[in-house]
Amino acid sequence: EAFAKIRERDERVGAYLTLNEEEARAQAARLDDKLVQGDSLGLLFGLPVGIKDNMVTEGLRTTCASQFLSNYNPIYDATVVSKLKLAESVNVGKLNMDEFAMGGSNENSSFHPVRNPWDLSRVPGGSSGGSAAAVAAGEAYFTLGSDTGGSIRQPASYCGVVGLKPTYGLVSRYGLVAFASSLDQIGPITKNVEDAAYALQAIAGYDPKDSTSANVEIPSYVSALTGDVKGLRIAVPKEYLDGIDPQVKAAVLEALRVLESLGAVWEEVSLPHTEYAVAAYYLLASSEASSNLSRFDGVRYGVRVDNGGNLLDLYHQSRSQGFGSEVKRRIMLGTYSLSSGYYDAYYLKAQKVRTLIKQDFDQTFQNYDVIIGPTAPTTAFPLGSQVDDPLTMYLNDILTIPVSLAGVPALSVPCGFAEGLPVGLQIIGKAFDESTVLRVAHAFE
Ligand code: GLN
């Protein structure tokens, strides 16, 4: 069914970069045999999954939507990919994204953009645009995305599906091509909250291969979905409602009324450092990216451009031709802010701002169970409308970035429409309290 939908729709949507059809069909046949024999079944038995193309898959091309890796076939599986195999889901293929996960509209893919299934003239969001569009179009039962500053939640919001960014450290990053290592986190994109709980169950957990993996006990997320939110204390940051699209705001206020009718209480609060989050994020994320991407030198991975010059020429040519313009912009910004003369003024300052932002969250969570607001200030915008204006594009992330800097979990769940386009409600929780986030989202849904 997934492949039938892909054939019917993906020429227009553009969600996939590589299909895994032969292997997927063989695996499905093996699972069929197992079903006949009455063996015990994996948690995600037989479910077709699509994987964002920055998670490595053994023997299956992994490009990060970059020309640099257009011929790269990994020799191992990311931990999340192994875990999905263990849960017996079937990998349908690799999903389109912004190159190296840098972007918010999927227009930075070096192969082709993704289109929003709700309106093909609009972007699906990014950088996990393929992951969100594939679920919205029925081209996979669920998908994995990665979120550094909003890349799971914002495309989920634009495509009318559920997207969960777990607490930093809950899901292993081993085999995720690093963008900004102190922020990157893998999570599921699904049609509903219950599916998100199942998918998270399958991929969460300690992994000694990721030095930032948290050694915490994994609760049963599915049994947290009780439907009960009586007495739940919700904080609504006033900074998250200022200056957003009025129809998005109306949908969020309506969602709060629904939660209130279920017995929750909400109050307006202030997260005073919100306005500095975007600036701090783009310094920190670019700095980390400039360091992480130094491994792409034309020698170790992917494409090599060798015009017979010396080693420096080889690096230069390979990087000049392999990377797209947004990736180059980030590398230049990051290299600049890490350089000795500017380190204190930019990188160090941004780290201090990050601490203040985290403290905003810590203080709020002393009195409230969750923080709720919109996922993004607008709905999906038309393709091409912001590509020449990186600053406007960066500002779209204002509501997702603070959460990433604080490292806490957040989920986007559809909460209505504005002019026919889906609006996402963002539910933010305490560190490692995915259960409460999922419970609130499920009760609301
Ligand atoms: N849009 C943000 C950026 O371009 C977030 C990307 C992400 O979360 N991977 O960096």
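The values are calculated or read from the model by the stated rules, or taken from the named source; none is laboratory data. Here the structure is a predicted model, which means the values were calculated and not measured. Here the Cβ is made from the backbone with ideal geometry for all residues, glycine too, and neighbour counts use every protein chain on show. Heads up: the accessible areas ignore ligands, DNA and RNA and are worked out on the full protein's heavy atoms, side chains in. Shrake-Rupley method; radii C 1.70, N 1.55, O 1.52, S 1.80 Å.
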Quiz prompt | Using θ = phi - 60° and Karplus 6.51 cos²θ - 1.76 cosθ + 1.60, couplings along the range 387-404 (whole Hz; Gly, Pro as x) | solution = 4, 8, 9, x, 5, 4, 4, 5, 6, 4, 8, 4, 9, 9, 5, x, 4, 5
Exercise. Tally up the carbon and sulfur contribution to the accessible surface of the range 53-201 as a whole percent, 1.4 Å probe, everything protein left in place.
Key: 49 percent
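Compute the accessible area per residue over the range 34-125, keeping the other protein chains in place, probe 1.4 Å, unit Å². List each step's numbers first, then the result.
Numbers: 3200 Å² over 92 residues.
About 35 Å² of surface per residue is accessible.
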Quiz item: Is any helix in the chain, taking whole DSSP H runs, at least 30 angstrom long along its axis by alpha carbon and on average at least -1.0 on the Kyte-Doolittle scale, and which ones?
Solution: none
Practice problem: Over the range 210-256, with every protein chain in place, what whole percent of the accessible area is carbon and sulfur at 1.4 Å, could you tell me? | Solution: 50 percent
Quiz item: If you place +1 on the Cβ of every Lys and Arg and -1 on the Cβ of every Asp and Glu, how big does the dipole about the Cα centre of the range 376-442 come out, in debye to the nearest 20?
Solution: 280 debye
Quiz item: What number comes out for the charge environment of Y347, summing +1 per Lys or Arg and -1 per Asp or Glu over other residues with Cβ under 15 Å away?
Solution: +2
Quiz item: Roughly speaking, what is the centre-to-centre gap between the range 264-336 and the range 89-111 when only Cα atoms are used, to the nearest Å?
Solution: 16 Å
Quiz item: Which ³J(HN,Hα) values, rounded to whole Hz and listed in residue order, are derived for the range 44-50 from phi using the Karplus coefficients 6.51, -1.76 and 1.60 in 6.51 cos²θ - 1.76 cosθ + 1.60 with θ = phi - 60°, glycine and proline given as x?
Solution: 10, 3, x, 7, x, 10, x
Quiz item: For the chain, modelled as a GNM with alpha-carbon contacts under 10 angstrom, which of S66, S294, S146 fluctuates the most?
Solution: S294
Quiz prompt | Among T212, T274, A251 - extreme Cα towards positive end, dipole of the range 201-282, charges at beta-carbon | solution = A251
Quiz item: For the chain, modelled as a Gaussian network with Cα springs under 10 Å, which listed residue fluctuates most, E23, E239, E194?
Solution: E23
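How high is the relative contact order of the range 195-330, in percent, counting Cα pairs under 8 Å that sit 6 or more residues apart? Provide the component values of the computation, followed by the final result.
Values: 100 pairs, mean separation 22.5, N = 136.
After rounding, I find 17 percent.
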Quiz prompt | Karplus-derived HN-Hα couplings along the range 143-150 (A = 6.51, B = -1.76, C = 1.60, θ = phi - 60°), whole Hz, x at Gly and Pro | solution = 9, 10, x, 10, 9, 10, x, x
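As a test, work out the antiparallel percent of DSSP beta bridges whose residues both lie in the chain, rounded to the nearest 5. The partial results should precede the final answer.
Details: 29 of 44 bridges.
In the chain, DSSP labels about 65 percent of beta bridges as antiparallel.
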Quiz item: Is it possible to state the helix-based mean residue ellipticity at 222 nm for the chain, with each DSSP H run of 4+ residues giving -39500 (n - 2.57), the sum divided by total residues, to the nearest 500 deg cm²/dmol? What is it?
Solution: -11000 deg cm²/dmol
